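**Student:** A single structure is presented below for examination.
The values are calculated or read from the model by the stated rules, or taken from the named source; none is laboratory data. All figures in this text were calculated on a predicted structure; none of them were measured in a lab. Methodologically, a virtual Cβ is constructed for each residue, glycine included, from the backbone with ideal geometry; neighbour enumeration extends over all protein chains shown. These area figures cover heavy atoms from the full protein model, side chains too; ligands, DNA and RNA do not enter into them. Shrake-Rupley method; radii C 1.70, N 1.55, O 1.52, S 1.80 Å.
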Amino acid sequence: ILRVHPDASLFVREDDDGETWILLGHAYDPWQGEASESRLLDNLQRAYSRSEEDFLDSLDQLSGRFVLFHMRPEGTGFVVQDAVGLKNVYYAESPDGPCFASHSQLLADALDLKRDPGVDRLVSSWFYGVGIRHLPGVRTPFQKMQMLSANTRLQLPTLTVERIFPRGPHPESGDLKETARIIGDVFTASFELLSRKKPLALSLSMGTDSRVSLAASRAHQNEIHYFSYIS
């Protein structure tokens, strides 16, 4: 059973063997210049049919905010997120099998999970209100519920977590200018793809990250709403 908000982006593929692929959210590949989630899902499916290595390499190229499910008829499969875990995946076991949600409260309501007393003590402490309020690591507010972390894969139906990145030593480069060019080209390509998909707004605090983003978006400045803020 899958429940999706009407405004959410949903893409589904089911092959002849009954294996199902589901992509929720938005994704794009700035390396290959592909902005269509439907085509990206087809590419991932084909890569998986070739080899595990091809699949993970294809997944590594994707940016965006998404979660990907792969499910087989016998109940096995896996769940992965975008590379930095922008799209939350909360999960818990139930009498009917594993359950997932984008928000912890949704899953807690569906399964009638109890609040974690340890978290309640944490959020009522004096230091929780200092700076940005968030729970440490992948801690959730409810008992028997966990959150998937970035760069990991959740195996079904066991709900075991496997790290999938990095899969080896990071490559090294002695040519800083060439490395910066590659990163810059991919970043610029990201704005090219994003500008085709939806209206864009870009927050500028004018730190280093903002200035790099501003430079990379220059070719599409007339299509982007730039803003800053006072706090």
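**Student:** Six or more apart or on different chains, Cβ atoms under 6 Å: show the pairs whose first residue is in the range 86-112 and under 13 Å from L154 (Cα atoms) and open to solvent by less than 40 Å² (accessible area, probe 1.4 Å) and whose second is in a strand (DSSP E or B) and among the small types (G, A, S).
**Tutor:** Cβ pairs passing all conditions: Y90/A101; C99/A92.
**Student:** Out of (1) touching a strand residue (DSSP E or B) at 6+ places or on another chain (Cβ under 7 Å); (2) more than 30 Å from F55 (Cβ to Cβ), what's the single condition that is false for L122?
**Tutor:** (1) is the only condition that L122 fails.
**Student:** Follow-up. Considering only residues that are under 21 Å from A8 (Cα atoms) and part of a loop (DSSP other than H, G, I, E, B), which ones fall in the range 26-69?
**Tutor:** Answer for the range 26-69, where residues must be under 21 Å from A8 (Cα atoms) and part of a loop (DSSP other than H, G, I, E, B): A35, S36, L62.
**Student:** Could you say which residue among L62, L44 is out of contact with any Ser or Thr (no Cβ under 8 Å at 6 or more places or on another chain), crowded, with 19+ Cβ neighbours inside 10 Å and in contact (Cβ under 8 Å) with a residue 24 or more places away in the chain?
**Tutor:** L62
**Student:** If you don't mind, another one. What number of residues within the range 193-231 satisfy the criterion of being surrounded by 14 or more Cβ atoms within 10 Å (Cβ to Cβ) and either among the small types (G, A, S) or assigned to a helix (DSSP H, G or I) (or both)?
**Tutor:** So the answer is 10.
**Student:** Here is a follow-up. Out of the residues in the range 113-131 that are open to solvent by 40 Å² or more (accessible area, probe 1.4 Å), outside any helix (DSSP H, G or I) and not charged (D, E, K, R), state the one that is nearest to V67 (Cα to Cα).
**Tutor:** My answer is G131.
**Student:** A further question on this structure: Pull up the range 3-26, narrow it to residues that are surrounded by fewer than 17 Cβ atoms within 10 Å (Cβ to Cβ) and acidic (D, E), then point me to the one that is nearest to the chain's Cα centre (by Cα).
**Tutor:** The extreme case among them is D7.
**Student:** Oh, and also: Under 7 Å between Cβ atoms, which residue pairs at least 6 apart in sequence (or on different chains) link something in the range 211-229 that is of a type in the set (S, T, Y) with a partner that is surrounded by 11 or more Cβ atoms within 10 Å (Cβ to Cβ) and in a loop (DSSP other than H, G, I, E, B)?
**Tutor:** Sorted first by the residue in the range 211-229, then by its partner, the pairs are Y226/L204; S228/L204; S228/S205.
**Student:** Checking the structure you have, find out if any residue of the range 181-192 is surrounded by 11 or more Cβ atoms within 10 Å (Cβ to Cβ) and part of a loop (DSSP other than H, G, I, E, B).
**Tutor:** Within the range 181-192, none of the residues are surrounded by 11 or more Cβ atoms within 10 Å (Cβ to Cβ) and part of a loop (DSSP other than H, G, I, E, B).
**Student:** Turning to a different aspect of this structure: Does S190 fit the bill of being under 21 Å from the mean Cα position of the chain (by Cα) and modelled with pLDDT of 95 or more?
**Tutor:** It is true that S190 is under 21 Å from the mean Cα position of the chain (by Cα) and modelled with pLDDT of 95 or more.
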